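Just below is one structure, and these are the notes that go with it.
The values are calculated or read from the model by the stated rules, or taken from the named source; none is laboratory data. Note that the coordinates shown come from a computational prediction; the quantities given were computed from them, not determined experimentally. Note that each Cβ is placed from the backbone with ideal geometry, even for glycine, and that neighbours are counted across all protein chains shown.
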Amino acid sequence: MTAESMTRGKYETRLDPALWAYIDAVNAWYPPEILGLPIDKQRAVYDRMSRAFHQGRPPEVKASDGLIAAPGRDIPVRRYQRAGSVARTMVVYFHGGGFILGGLESHDDICAELCAGTGFDVLSVDYRLAPEHLHPAAFDDAVAAFEWAAVRSGLPLVLCGESAGGNLAAAVAQATRRHIRAAIGQVLIYPDLGGPLLGGNDRAGSHVEHGEAPLLSLHDVAFYRDVRAAKRQSQDDPTFSPLRDTDFSGLPPTVIVTAECDPLSSDGETYRDRILGAGGKAWWHEEPRLVHSFLRARTTVPAAAAAFARIVAAVGALGRGEWPY
């Protein structure tokens, strides 16, 4: 047995060589031990990695930056529009990064491709990051962006986010479900919805099976949650942990896409079941043999490309008022 296979453990043969090449590239840019560095150092490394993986924007997509005025602050946003077409829907997009990383640049190409693939406008939200801004700062910015888009865009809205952004999208959907212009759909991509982590009797599924998966472990998730949390933060606060809500009725049609080899995957399954149990529409799909953050692998890993195509199709269907499943 080689040293490499010992390090990769049970995932050595479980994951495709092309996916391992992606994982190795991510780890070369952003190694696991970086969590021990100060947050500003982590951000600098993450931003360099994001630039290295950036695929450019489709030529038909134009982007413009702006600010949403909110009490005591301005929220930077970037709006993507496909030239030569009139959008019928706007996608409000919340980026990933564990609530401490990322911004308008880190997910620029993903948002641009989502715009190109659906024909919808995409509004990317640069919400405030921890630890400078603890919860509920990011949530407050996400709600403010939704309310701005609902009033100012004049378009139906679809909420979309990945990882930490999936948490925000779900929390916004729950908080605004009775808004006069509530979202007509939401698409959550490997979201952290506040499922169980370390200890407790409710840990199950991916939290156990994939607690040490490549690119995201339970330890990583716990670190990000701790950095985001204010003192005496309640884990039962649905704006912090959407799965801890007590009412899942009235939510928009929901599509959740997760990765099999990701400790967060069971969050998506549970969220689907809660919505279905409350009489809503929800569909959960676990992409086999993929890992957290697979969106960045969409140009080099065929399975990730297929998953991204399904995500774009789901956003497109929901934005047209159709149920894709």
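Taking the conditions (1) under 30 Å from M90 (Cβ atoms); (2) polar (S, T, N, Q); (3) over 16 Å from the mean Cα position of the chain (by Cα) in turn, T239 satisfies each one other than (3).
Among residues of the range 35-64 that are within 13 Å of Y80 (Cβ to Cβ) and buried (at least 17 other Cβ atoms within 10 Å of the Cβ), those with a Cβ under 9 angstrom from a residue that is of a type in the set (A, V, I, L, M) and at pLDDT below 95, sequence gap 6+ or separate chain, pair up as V61/A83. The conditions of being closer than 30 Å to S217 by Cα and of a type in the set (G, A, S) are not met by G117. For residues that are part of a helix (DSSP H, G or I) and among the small types (G, A, S), scanning just the range 144-159, find the one that is farthest from the chain's Cα centre (by Cα). In this case the residue turns out to be A150. Of everything in the range 105-152, what is more than 18 Å from A169 (Cα to Cα) and touching a strand residue (DSSP E or B) at 6+ places or on another chain (Cβ under 6 Å)? Give them in sequence order. Result: A112, A116, G119.
Could you tell me whether any residue of the range 135-143 is assigned to a strand (DSSP E or B), touching a Ser or Thr at 6+ places or on another chain (Cβ under 9 Å), of a type outside the set (V, I, T) and touching a residue at least 60 places away in the same chain (Cβ under 8 Å)? No.
Note on the range 70-96: residues that are surrounded by fewer than 22 Cβ atoms within 10 Å (Cβ to Cβ), in a strand (DSSP E or B) and in contact (Cβ under 8 Å) with a residue 24 or more places away in the chain total 8. Could you run through the range 273-294 and say how many residues are within 16 Å of the chain's Cα centre (by Cα), surrounded by 21 or more Cβ atoms within 10 Å (Cβ to Cβ) and either within 13 Å of V187 (Cβ to Cβ) or of a type outside the set (S, T, N, Q) (or both)? Result for the range 273-294: 6. The condition (being crowded, with 23+ Cβ neighbours inside 10 Å and touching a residue at least 60 places away in the same chain (Cβ under 8 Å)) is satisfied by just one residue among I100, I110: I110. For the range 261-306, filtering for residues that are of a type in the set (A, V, I, L, M), outside any loop (DSSP other than H, G, I, E, B) and either within 19 Å of G195 (Cβ to Cβ) or without any contact (Cβ under 8 Å) to a residue 40 or more places away in the chain (or both) leaves 7.
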